[in-house]
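Single-structure report; data block below.
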Amino acid sequence: LVGFEALVRWMRPGVGLVEPQEFISAAERNGVIAPLGNMILTLACQQLSDWRQVFGAVVPVAVNVSPLQLLDPNFPDLVVRTLRHFKVPAELLTLEITESAAVMHMDEARAQITQLRAYGIEVALDDFGTGYSALTTLRSLPATIVKIDKSFVTGITDNPQDRAVIEAVVKMATQMGMQTIAEGVERLDQRTFLETIGADAVQGYLYLRPTTAEEFGAWLGPQLAGPSTTRHPVDAVLAAPPRHMARSQ
């Protein structure tokens with residue numbers, strides 16, 4: 001176990017569980033993505049702080065950030081204040097930013113990412129390979145992690161094109177000193193292929209489905225205490241939403 005990801009879900013009264021792809025874009029269009037994103041960051045750091053007190057040590061949490069949040073010049077300071085408030089070391093937070101957003105190539109966004117990295121916060125390019133200019137993004141942004149989109153992982157055992165894309169991304173990222181995480185891993189043969197080509201970590205249903213923080217915390221304790229905490233070239237990055245924010249898919 002090398003990390004986990006905080007996911008947001010909306011339990012809408014009278015409707016039920018609403019997935020993020022159905023409401024995040026609406027939040028961005030209506031100007032409420034910043035307070036929503038800040039709430040998610042706060043709850044994730046609070047949960048991480050609680051687990052540190054209970055278990056004594058934890059692995060990093062990844063929190064998704066809307067590229068629009070990067071246009072706020074105060075965003076890096078807000079992140080640092082949140083970490084300090086909950087006494088969470090910067091190295092325990094990874095901010096995931098979707099590589100496909102055009103705003104990623106704006107000077108303001110690049111400056112914000114540079115400042116976040118200066119504070120010691122890890123930055124991951126999420127859904128990599130589906131965006132505007134993947135090679136330009138790798139070269140120009142000071143990110144530390146590349147998350148390979150699950151759409152490529154799904155076909156790696158029977159689609160030569162998908163295998164070629166993933167191998168190329170892993171090779172480029174490694175040569176540039178970046179870590180690679182493959183998303184959407186559901187089968188052992190997928191994991192085996194990714195391990196063979198040198199991916200650093202995998203994430204997906206092969207290990208655990210998204211669940212509540214309470215249920216994940218019960219699973220997390222034995223993982224941190226047992227021999228499974230030994231780092232492995234390919235290990236699980238598990239999806240676990242902060243409390244009061246999400247439910248199992």
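So Q190 passes all but one of these: (1) in a helix (DSSP H, G or I); (2) without any contact (Cβ under 8 Å) to a residue 24 or more places away in the chain. Which condition number does it fail?
(2)
For T174, indicate whether it is free of Cβ contacts under 8 Å to residues at least 60 places away in the same chain, within 26 Å of R117 (Cβ to Cβ) and over 18 Å from the mean Cα position of the chain (by Cα).
Yes; evaluated as a whole, the condition is true for this residue.
Collect the residues in segment 149-170 that are open to solvent by 50 Å² or more (accessible area, probe 1.4 Å) and within 21 Å of the chain's Cα centre (by Cα), keeping them in residue-number order.
K150, S151, T154, V165, E167
Of all residues being more than 19 Å from the chain's Cα centre (by Cα) and open to solvent by less than 20 Å² (accessible area, probe 1.4 Å) in segment 17-64, which is modelled with the lowest pLDDT? Just the residue, please.
V18
Of all residues in segment 117-148, which are modelled with pLDDT of 90 or more and either within 15 Å of the chain's Cα centre (by Cα) or more than 24 Å from N74 (Cβ to Cβ) (or both)? Please lay out each step first, then the result.
Taking segment 117-148 and keeping what is modelled with pLDDT of 90 or more, we get 117-124, 144-148.
Scanning segment 117-148 gives I121, E122, V123, A124, T144, I145, V146, K147, I148.
Tell me which residues, restricted to segment 184-206, are surrounded by fewer than 21 Cβ atoms within 10 Å (Cβ to Cβ) and under 16 Å from the mean Cα position of the chain (by Cα).
Within segment 184-206, G184, Y205 qualify.
Between R81, R52, which is in contact with a Leu (Cβ under 9 Å, 6 or more places away or on another chain), of a type in the set (D, E, K, R) and either outside any strand (DSSP E or B) or touching a residue at least 40 places away in the same chain (Cβ under 8 Å) (or both)?
Only one candidate qualifies: R52.
Which members of segment 171-182 meet the condition of being open to solvent by 70 Å² or more (accessible area, probe 1.4 Å) and hydroxyl-bearing (S, T, Y)?
T174
The values are calculated or read from the model by the stated rules, or taken from the named source; none is laboratory data. Since the structure is predicted, the reported quantities are computational estimates derived from the model, not experimental observations. We place every Cβ from the backbone using ideal geometry, glycine too, and count neighbours over all the protein chains shown. All accessible areas refer to the heavy atoms of the entire protein, side chains included, with ligands and DNA or RNA removed. Shrake-Rupley method; radii C 1.70, N 1.55, O 1.52, S 1.80 Å.
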